[in-house]
Amino acid sequence: QQQQQQQRRQQDSKDVAAPESPKGSAKGCTKKGQTAAGHASTKAINYNRLISRAVEQDDMIQAEAWLERMSNNGVKPNEVSFDTLIQGWVKRGDLARAEVLLDKMAAVGLEPTATCFNAIISTCSLAGDISGATAWCSRMRSRGILPTVTTYSAMLDVCATCGNIEGAEMWLESLVAAGLQPDAGSFCSLIKACIRVRDPWQAHEWHQRMHAKGIEPSDKSFSALLNAFSKAGDVDGAAELLSEMAQAGMRPNIFTYSCLLHACNNAQRFHLAEQIFRQLRADGLKPNIVIYASVALTYARVGLWHKVELLLEELTQESLTMNSHFLLALLLAYGNGKPRQADRAEAAVRKAIASGLKVNQYIRNALKSAVGSDRCKLILQDLEQA
């Protein structure tokens, strides 16, 4: 391995060497100055390739060594040299080292590019560091570098991650004031911010404003909104959104129906869940185990265990296998039944564990509710010994 590394370094050193000028060429002699400049440019390109190669291999020490060697050999680093290194350190999450390189860049008479700052701002955004992202954006402006669409997108994203709706709105307004056009990603960040603070209707308002700007809604934007309404248990809002999807020419998919059923579950509206389940089949879609578990849970909340059992028979006929979520719904249904169905609950758990399902804390609690604390303890001890 050491021999391979040595060979690679030797090859790297050869790569740096500029090609010799053509001998005996009149053209080469008359354009000697241009040839020398060309050689300098070629050497810079070769060094930049070596820096890039080291960064790709996550060998930042070697990458910086090539930058130093480049300078020592009289080849002036350019914007590409520093951009590559800065993005490498940013990828590692070392913003302090990136900042040192920005200062070094200025010391050799080069101005940092928007790409450098955007890489740092995007890293802050991914980390949810809104103060850090804002500070770097200010530094970018102080150097006379105007924010780009990428800059604004990163600022919108970090506001969305933090649920800062006012901040996201301010950055969108700044983007427009700068003469730039917001895209679907810009509006989706605002929608995400509203969802983060559990305000699906405000998210819906931004979705409509996006459409009014001539930006067509996507499956992704509709799915995000549906998920927000489902978590809020707002079935009416989810149903309205489903109608808007149809008007936009989009057909609901399994995820769409999963969100609707989740909303029904949170709102405890099992009759509507039944209608949605029938509509899913009418649309030619095949329910998966997630759909079955969602419907089962709406029944379980009101103790309709016989309906959950019918769903179990149906999914078995569809060659699907019960998972832990469906088992949980079945046990909850037995526990909420009038009267409780302790024997059925015990039989269901024993059969499920025999088929390979693992007992988690949710299943333990549901079983305890269905059969009682003492019986639950005995059943689990027996199954552990078996």
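Overview of values
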item	result
Positions within region 280-294 being of a type outside the set (Ser, Thr, Tyr), crowded, with 16+ Cβ neighbours inside 10 Å and closer than 10 Å to Tyr257 by Cβ, in sequence order	Leu280, Leu285, Pro287, Val290, Ile291
Inter-residue pairs, beta-carbon under 6 Å, first farther than 11 Å from Leu367 by Cα and in region 334-346, second part of a helix (DSSP H, G or I) and open to solvent by 20 Å² or more (accessible area, probe 1.4 Å), 6+ apart	Gly337/Trp305
The one condition in (1) over 22 Å from Asp199 (Cβ atoms); (2) open to solvent by less than 40 Å² (accessible area, probe 1.4 Å) that Arg143 fails to fulfil	(2)
Residue match in region 217-225 (condition: under 26 Å from Val158 (Cβ atoms), of a type in the set (Asp, Glu) and under 23 Å from the mean Cα position of the chain (by Cα))	yes
Helices (runs of 4 or more DSSP H) lying entirely in region 330-386 (those with 3 or more residues that are of a type in the set (Asp, Glu))	373-385
Any chance Ala36 is among the small types (Gly, Ala, Ser), in a helix (DSSP H, G or I) and at pLDDT 85 or above	no
Condition met for Pro112 (in contact with a helix residue (DSSP H, G or I) (Cβ under 7 Å, 6 or more places away or on another chain), within 14 Å of Arg143 (Cβ to Cβ) and assigned to a loop (DSSP other than H, G, I, E, B))	yes
Selection status of Phe117, more than 30 Å from Gly233 (Cα to Cα) and open to solvent by less than 20 Å² (accessible area, probe 1.4 Å)	yes
Filter result for Ser221 (within 28 Å of Leu280 (Cα to Cα), in contact with a Phe, Trp or Tyr (Cβ under 8 Å, 6 or more places away or on another chain) and assigned to a helix (DSSP H, G or I))	yes
Any helices (runs of 4 or more DSSP H) falling wholly within region 118-191 and containing at least 1 residues that are more than 24 Å from Pro217 (Cα to Cα)	130-142
Residue list for region 310-327, filter: of a type outside the set (Val, Ile, Thr), in a helix (DSSP H, G or I) and open to solvent by 40 Å² or more (accessible area, probe 1.4 Å)	Leu310, Leu312, Glu313, Glu314, Gln317, His325
Failed criterion for Ala248 (all others in (1) among the hydrophobic types (A, V, I, L, M, F, W, C); (2) at pLDDT below 85; (3) within 21 Å of Val308 (Cβ to Cβ) hold)	(3)
All positions within region 179-195 that are modelled with pLDDT under 90 and open to solvent by 20 Å² or more (accessible area, probe 1.4 Å)	Leu180, Gln181, Asp183, Ala184, Gly185, Cys188, Lys192, Ile195
Within region 192-203, considering residues that are of a type in the set (Lys, Arg) and part of a helix (DSSP H, G or I), the one farthest from the chain's Cα centre (by Cα)	Arg196
Selection status of Val295, of a type in the set (Val, Ile, Thr), closer than 25 Å to Ala238 by Cβ and part of a loop (DSSP other than H, G, I, E, B)	no
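The rows are residues; the columns are (1) outside any helix (DSSP H, G or I); (2) open to solvent by 70 Å² or more (accessible area, probe 1.4 Å); (3) more than 23 Å from Leu328 (Cβ to Cβ).
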{"residue": "Glu205", "(1), (2), (3)": "no, yes, yes"}
{"residue": "Pro217", "(1), (2), (3)": "yes, no, yes"}
{"residue": "Leu272", "(1), (2), (3)": "no, no, no"}
{"residue": "Tyr299", "(1), (2), (3)": "no, no, no"}
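The values are calculated or read from the model by the stated rules, or taken from the named source; none is laboratory data. Source: prediction; values computed, not measured. Don't worry about glycine lacking a Cβ; one is built from the backbone with ideal geometry, like all the others, and counts go over all protein chains shown. Only protein heavy atoms, including side chains, enter the accessible area calculation; ligands, DNA and RNA are left aside. Shrake-Rupley method; radii C 1.70, N 1.55, O 1.52, S 1.80 Å.
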